[in-house]
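Novice: Starting off with a structure, shown below.
The values are calculated or read from the model by the stated rules, or taken from the named source; none is laboratory data. Since we're looking at a predicted model, the values are computed, not measured. So basically every Cβ, Gly included, is an ideal-geometry build from the backbone, and we count neighbours across all protein chains shown. Quick note on the areas: whole protein, heavy atoms, side chains included, nothing else; ligands and nucleic acids left out. Shrake-Rupley method; radii C 1.70, N 1.55, O 1.52, S 1.80 Å.
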There are 2 protein chains.
Amino acid sequence: MEEFYSESVMSRVVRIIDSFDRGARALRLTDLANRAGIPLPTTHRLVAEMLSLGLLERGPNRTIKLGNRLWEIALKGSGLLSLREAAQPHLEWLLKSLRVHVNLSVLDNYSVLFLERLQYGEPVPSGRTSERWAIHDSSSGLVMLAFAPPEYQEFILSRPLARRSAETIVDPVQLRKLLPGIRRSRIAYVPGAGLEGYTGLATPILGAGGDVIASVSVIYPRGTEQPAAATEALLIAAHRIHMALVNASNE
Amino acid sequence: MEEFYSESVMSRVVRIIDSFDRGARALRLTDLANRAGIPLPTTHRLVAEMLSLGLLERGPNRTIKLGNRLWEIALKGSGLLSLREAAQPHLEWLLKSLRVHVNLSVLDNYSVLFLERLQYGEPVPSGRTSERWAIHDSSSGLVMLAFAPPEYQEFILSRPLARRSAETIVDPVQLRKLLPGIRRSRIAYVPGAGLEGYTGLATPILGAGGDVIASVSVIYPRGTEQPAAATEALLIAAHRIHMALVNASNE
């Protein structure tokens, strides 16, 4: 009867799924129980049912991993999938035209969630698909913040702002001053905000309804930036993605 | 006490998530209950908790949709993410070299699960990311079947084989005869198997351990096929993806 009076089955299942990540794609039951903070017998019981439903699968050496079925059901009805699909040809075009890394991201629950990364050349070990960043840490976050409602901006800027890299701006006054310029140019150009040695440029994507729903950005290794060319290409790509979303919504 | 004696919370949650798809990204509570086959009061209770955990979110006009948080936790620890990331630059290269649609897929639970689709030109309205197909319906499925254990092949070929398009081969004897040739050439070239008006060519991808773990394929509009060029490019791309997986596993 334990689950009836303490934490719900559902929140425990979420914690089990959330225990896996890039560095831990296959876990033994005891490690999984430790990471999830759930007693081993309960973990054992939940894992057995999750295996039977395909949410988990057995991995090598008595490990457990996330099931393909989980990926499938989480993705097939997700609005993020339609956004990614509308954007994909235009992200390709940016990659080909500018020869840089390209990102697609959304604001989600007070942080930036990276949806897609197209790699050009050497991987940038950060800001990859499914990573979540603070909003002030990247051009992607700042461009979406600039177009967010004032109350949201104030809420974000009133919280403690951590420093991701040496150049991350963590002074709310300085950040607040950036926003009108970003709104006017529709471009956030913030060298080093996210990752030392790299510069991001980002522009907003308007959804079918005309609101900013996402951001597309490009990443240059420091010293190779071509802000004029990047700005023009980003504005074109964002417009094309917006049109693709409008067309998709009229279908 | 209902949930204790009938269906579990977990399998109902899976059915709720599974009720959303491309054609139904936002649902009202009653539609969701109907699709999931769960009584309305129970659906209401489960949805409330799923909203609080971020598995669901509120959409426009009193609808409910899948939460970004669900996408995030399902993806960040998934082995499918590492496969997609290892493959992505090489899928780009295929797109650029051959100027055709490119697919990445895996065998999962007796069907083909499409992981990624890079579009070239007009979208092909089928075989998109997160779609699941029968194995005999596509070059992707047939190439993975050709490299599967004999018992698995027999199991698949002994089941009823539905016809997806006019040219889908549904005769198990005829399908069985194709497999040795596919294994020798490492290419499945099956015009019209999946979709009228299109031809797929697929090759297997070996994982770090040397087993076939996935397939990469290209899709030509019928009459524009360039099988020699496609074969060479596919074999090169599959080799490069394999090497990327080997390198990733040694990190």
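Rundown of residues vs (1) open to solvent by less than 10 Å² (accessible area, probe 1.4 Å); (2) of a type in the set (A, V, I, L, M, F, W, C); (3) under 18 Å from A:Ala202 (Cβ atoms), yes/no style:
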site: A:Leu70; (1), (2), (3): yes, yes, no
site: A:Leu81; (1), (2), (3): yes, yes, no
site: A:Glu85; (1), (2), (3): no, no, no
site: A:Pro89; (1), (2), (3): no, no, no
site: A:Lys96; (1), (2), (3): no, no, no
site: A:Tyr110; (1), (2), (3): no, no, yes
site: A:Glu116; (1), (2), (3): no, no, yes
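Novice: Follow-up question, since we're still on this one. Go through (1) farther than 28 Å from A:Pro180 by Cα; (2) touching a Ser or Thr at 6+ places or on another chain (Cβ under 6 Å) and name the single condition A:Ala86 misses.
Specialist: A:Ala86 satisfies every listed condition except (2).
Novice: I've got another one for you. Quick one: which residue in B:Leu95, B:Leu91, B:Leu51 is over 25 Å from A:Gly59 (Cα atoms), more than 20 Å from the chain's Cα centre (by Cα) and in a helix (DSSP H, G or I)? Before you say what the answer is, go through the steps one by one.
Specialist: Details: B:Leu95 fails: more than 20 Å from the chain's Cα centre (by Cα); B:Leu91 fails: more than 20 Å from the chain's Cα centre (by Cα).
From the options B:Leu95, B:Leu91, B:Leu51, the qualifying one is B:Leu51.
Novice: Name the residue, out of B:Ala26, B:Ala48, B:Ala74, that is among the hydrophobic types (A, V, I, L, M, F, W, C), at the interface with chain A (Cβ under 10 Å from one of its Cβ atoms) and open to solvent by 40 Å² or more (accessible area, probe 1.4 Å). Lay out the reasoning, then the answer.
Specialist: Values: B:Ala48 fails: at the interface with chain A (Cβ under 10 Å from one of its Cβ atoms); B:Ala74 fails: open to solvent by 40 Å² or more (accessible area, probe 1.4 Å).
Going through B:Ala26, B:Ala48, B:Ala74 in turn, just one is among the hydrophobic types (A, V, I, L, M, F, W, C), at the interface with chain A (Cβ under 10 Å from one of its Cβ atoms) and open to solvent by 40 Å² or more (accessible area, probe 1.4 Å): B:Ala26.
Novice: As an exercise: evaluate A:Arg62 against (1) assigned to a helix (DSSP H, G or I); (2) open to solvent by 40 Å² or more (accessible area, probe 1.4 Å); (3) not acidic (Asp, Glu) and give the number of the one condition it does not meet.
Specialist: A:Arg62 satisfies all of (1) assigned to a helix (DSSP H, G or I); (2) open to solvent by 40 Å² or more (accessible area, probe 1.4 Å); (3) not acidic (Asp, Glu) except (1).
Novice: Considering each of B:Leu104, B:Leu113 in turn, give the residue that is assigned to a strand (DSSP E or B) and away from chain A (no Cβ under 11 Å).
Specialist: B:Leu104
Novice: Which residues, taken from segment B:116-133, are more than 10 Å from every other protein chain (Cβ to nearest Cβ) and assigned to a strand (DSSP E or B)? Quick ask: steps written out before the conclusion?
Specialist: Here is the first cut: in segment B:116-133, the residues more than 10 Å from every other protein chain (Cβ to nearest Cβ) are B:122, B:124-127, B:133.
Answer for segment B:116-133, where residues must be more than 10 Å from every other protein chain (Cβ to nearest Cβ) and assigned to a strand (DSSP E or B): just B:Trp133.
Novice: How many residues does segment B:34-45 contain that are over 16 Å from B:Leu66 (Cβ atoms) and either within 27 Å of the chain's Cα centre (by Cα) or in contact (Cβ under 8 Å) with a residue 40 or more places away in the chain (or both)? Can you show your working first?
Specialist: So in segment B:34-45, the residues over 16 Å from B:Leu66 (Cβ atoms) come out as B:34, B:37-42, B:44-45.
Next cut, either within 27 Å of the chain's Cα centre (by Cα) or in contact (Cβ under 8 Å) with a residue 40 or more places away in the chain (or both) only: B:34, B:37, B:42.
So the count comes out to 3.
Novice: Related question: Filter segment A:164-176 for residues that are at pLDDT 90 or above, over 12 Å from A:Leu142 (Cβ atoms) and of a type outside the set (Asp, Glu) and give the result.
Specialist: Correct list: A:Val170, A:Pro172, A:Val173.
Novice: Would you say A:Pro41 is in a helix (DSSP H, G or I) and open to solvent by 20 Å² or more (accessible area, probe 1.4 Å)?
Specialist: Numbers: in a helix (DSSP H, G or I): yes; open to solvent by 20 Å² or more (accessible area, probe 1.4 Å): yes.
Yes, satisfied.
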